[in-house]
Amino acid sequence: MAERTIVGIDVGTSKVCTLVGEVSEEGDLRIVGVGLVPSQGLRKGVVVNVEEATEAISASVEEAERVSGYRIERAYVAISGDHVSSLNSRGVVAVSRREEGIAMEDVYRVLDAAGAIALPHNRQLLHIVPRFYVVDGQEGVRDPVGMHGFRMEVEAHVVTGSTTAIQNLVKCVNGAGVEVDEVVLASLAAAEAVLSETEREIGVVLVDMGGGTTDIAIFIEGAVWHTVTLGIGGEYITNDVSIGLRLPTDVAEEVKVRHGHARPMQIGPEERFTAAPFGEGAPQSLPRWKLAEIIEARAEEMWEMVGREIKHSGYDGLLPAGVVLCGGVAKLPGMAELGREILGLPVRVGAPKELSGLVDRIGGPAFAVAAGLMGWGMTAEGRPTPVPRGPSMGKRFLRWLRALLPGQTT
């Protein structure tokens with residue numbers, strides 16, 4: 001019997017995916033509803049047409065409701081786009097009740113201090129994620145609650161986004177009749193679904209190549225140290241195929257998915273496929289190696305951009321676990337191999353793990369974000385966004401903090 005349900009909505013440039021999950025009393029997650037529809041009204045992960053985006057979200061939600069039998073009222077929603085930026089910040093506070101040890105209120109205050117950064121009026125906080133705490137000079141503390149000390153610090157990863165982009169996304173979801181529990185950075189959601197604890201500990205890069213964006217998140221010592229979103233994705237490959245082979249965009253997308261490959265050297269010279277050109281001309285036979293050459297050129301650029309961002313982060317020498325690739329582009333044959341060659345790092349394709357239920361529909365790398373929203377909701381249900389300020393804690397925020405700290409119960 002389900003103890004509660006969790007809903008996640010991944011509003012991407014190419015698709016909108018709504019998942020409904022049942023969480024049992026034992027904490028097991030079972031996917032009972034899937035709503036998958038083509039996206040519209042978004043460009044590079046950002047809403048550019050509210051009416052069209054709302055319509056797509058509504059269709060996805062309605063399909064998930066029909067499959068699951070649940071009425072969807074609230075959901076965790078993923079966000080992407082190159083408007084998202086991040087920085088690492090430090091917060092410092094004096095422990096309020098030294099004789100009793102560090103309390104949840106102290107953790108709240110130090111995270112609040114880390115998030116007290118100067119923001120322009122057109123930007124807002126998305127996440128304040130603790131990397132580690134420092135208690136009286138002792139670094140590397142992951143759970144400070146109950147420890148005795150006079151001074152507590154936190155090294156936190158702070159993620160911000162465009163207020164306009166966030167509000168427009170929320171407006172579209174609300175327009176579909178759904179309240180937003182939390183807006184979650186897509187790369188952090190995907191990490192919940194595809195990364196192992198070992199990878200997070202020793203150093204890994206998550207690369208989510210979607211339709212309009214490529215999201216990057218670097219994890220070291222179990223925490224996120226760097227996030228960034230690049231405004232390039234699989235739609236760029238589709239556009240190149242459309243131009244290079246003189247095909248309509250929808251035909252180019254189908255050709256890319258069915259016949260595409262990122263390594264021309266692995267394609268035989270005799271391999272061909274048929275595709276309908278512009279106009280009313282008869283379907284033409286085209287060499288598959290030519291398609292692969294077009295794809296490889298753009299794929300190389302995408303991997304080179306990822307490589308530059310990894311180097312720019314300063315953590316390029318701390319990533320023995322390499323890269324975990326997810327998103328729709330990850331399904332392209334040869335993409336991971338090309339990444340290994342360009343980056344000089346191990347690259348594996350990551351798919352959602354530890355799921356049951358309708359996994360045959362969402363088991364691939366393209367559904368990492370949607371599946372990750374399920375995990376995010378399980379471990380941080382009730383987390384408000386942005387982190388509230390002021391003296392009032394609230395039960396929901398306390399539940400969020402306890403979810404971040406191992407061993408704390410709600």
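Things to note:
- With respect to the chain, whose longest principal axis is taken over its alpha-carbon atoms, helix 395-404 is tilted by about 70°.
- Arranged from fewest to most other beta-carbon atoms within 10 Å of their beta carbon, 44, 290 become 290, 44.
- GNM remark for the chain: springs join alpha carbons under 10 Å apart, and the peak mean-square fluctuation among 221, 235, 301 falls on 301.
- FRET efficiency, 1/(1 + (r/R0)^6) with R0 41 Å, evaluated for residue 198 and residue 49 via beta carbons: 0.45
- Top positive-direction residue, dipole computed over the chain with Cβ charges, set 184, 6, 322: 184
- Overall Cα dimensions of the chain - principal axes, largest extent first, Å: 82, 48, 43
- Relative contact order computed over the chain (Cα-Cα under 8 Å; 6+ residues apart), in percent: 18
- Principal semi-axes in Å for the range 68-170 [√(5λ), Cα gyration tensor, largest first]: 32, 18, 11
- Taken about its Cα centre, the range 174-237 carries a charge dipole of roughly 220 debye when the Cβ of each Lys and Arg holds +1 and the Cβ of each Asp and Glu holds -1.
- For the range 139-180, the percent of C-alpha pairs falling in each 5 Å distance bin, counted from 0 to the bin holding the largest distance, reads 5, 16, 15, 11, 8, 7, 11, 14, 10, 2.
- The range 59-118 - Kirkwood radius from inverse mean 1/r over Cα pairs (Å): 15.9
- Using θ = phi - 60° in the Karplus curve 6.51 cos²θ - 1.76 cosθ + 1.60, the 3J(HN,Hα) couplings for the range 200-207 round to 4, 6, 8, x, 8, 10, 8, 10 Hz; x is entered for Gly and Pro.
- Centre-to-centre separation between the Cα atoms of the range 94-156 and those of the range 21-74: 35 Å.
- Summed residue charge, Cβ within 10 Å of residue 373's Cβ, Lys/Arg positive, Asp/Glu negative: -4
- Going by neighbour counts of Cβ atoms within 10 Å, the residues 256, 353 line up, fewest first, as 353, 256.
- Among the listed pairs 256/290; 15/311; 15/171; 15/44, those whose Cα-Cα separation exceeds 23 Å are 15/311.
- Crossing angle, helix 288-313 versus the chain [Cα axis fit, 0-90 degrees, rounded to tens]: 20
- A dipole drawn for the chain from +1 and -1 charges on Cβ atoms has a positive end, and of 248, 159, 42 the residue lying farthest that way is 159.
- Solvent-free Debye scattering, log10 I(q)/I(0), computed from the Cα coordinates of the range 280-383 at q = 0.15, 0.24 Å⁻¹: -0.81, -1.23
- The range 245-333, relative contact order in percent, only Cα pairs under 8 angstrom and at least six apart counted: 31
- Within the chain, longest stretch clear of exposed chymotrypsin sites (Phe, Trp or Tyr not before Pro) (DSSP loop, no more than 10 other Cβ within 10 Å): 1-149
- Acute angle (nearest 10 degrees) that the helix 163-175 long axis makes with the longest principal axis of the chain, alpha-carbon atoms: 80
- Under conditions of 20 °C and 1.002 mPa s, the range 310-360 yields 171 µm² s⁻¹ as its translational diffusion coefficient, taking Rh as the Kirkwood radius over Cα pairs in the Stokes-Einstein equation.
- At an R0 of 51 angstrom, the distance between the Cβ atoms of residue 74 and residue 270 translates into a FRET efficiency of 0.40.
- Alpha-carbon centroids, the range 172-212 and the range 287-304: separation in whole Å: 27
- Pairwise alpha-carbon distances in the range 4-58 exceed 15 Å for 50% of all pairs.
- One decimal place: the segment residue 239-residue 293 gains 18.1 nm when fully extended, by the rule 0.36 nm per residue minus the C-alpha distance.
- Built amide H within the under 5 Å cut-off of residue 322, gap 5+: 205
- For the range 227-273, the convex hull drawn through the C-alpha positions has a volume of 105 cubic angstrom per residue.
- For a paramagnetic label modelled on residue 98 (point 7 Å from Cα along Cα→Cβ), amide N atoms under 14 Å away belong, within the range 144-164, to 148-152.
- When the charge dipole of the range 237-282 is built from unit charges on Cβ atoms (+1 for Lys and Arg, -1 for Asp and Glu) and taken about the Cα centre, the candidate among 267, 257, 237 whose Cα reaches farthest toward its positive end is 267.
- Dimensions in Å of the range 1-98 - Rg and Dmax from alpha carbons: 17.9, 55
Read the figures in this text as sums done on the coordinates, not as results from a lab. None of the values given here were measured: they were computed from a predicted structure. Positions of Cβ are generated from backbone atoms using ideal geometry, with glycine treated the same way; all protein chains shown enter the neighbour counts.
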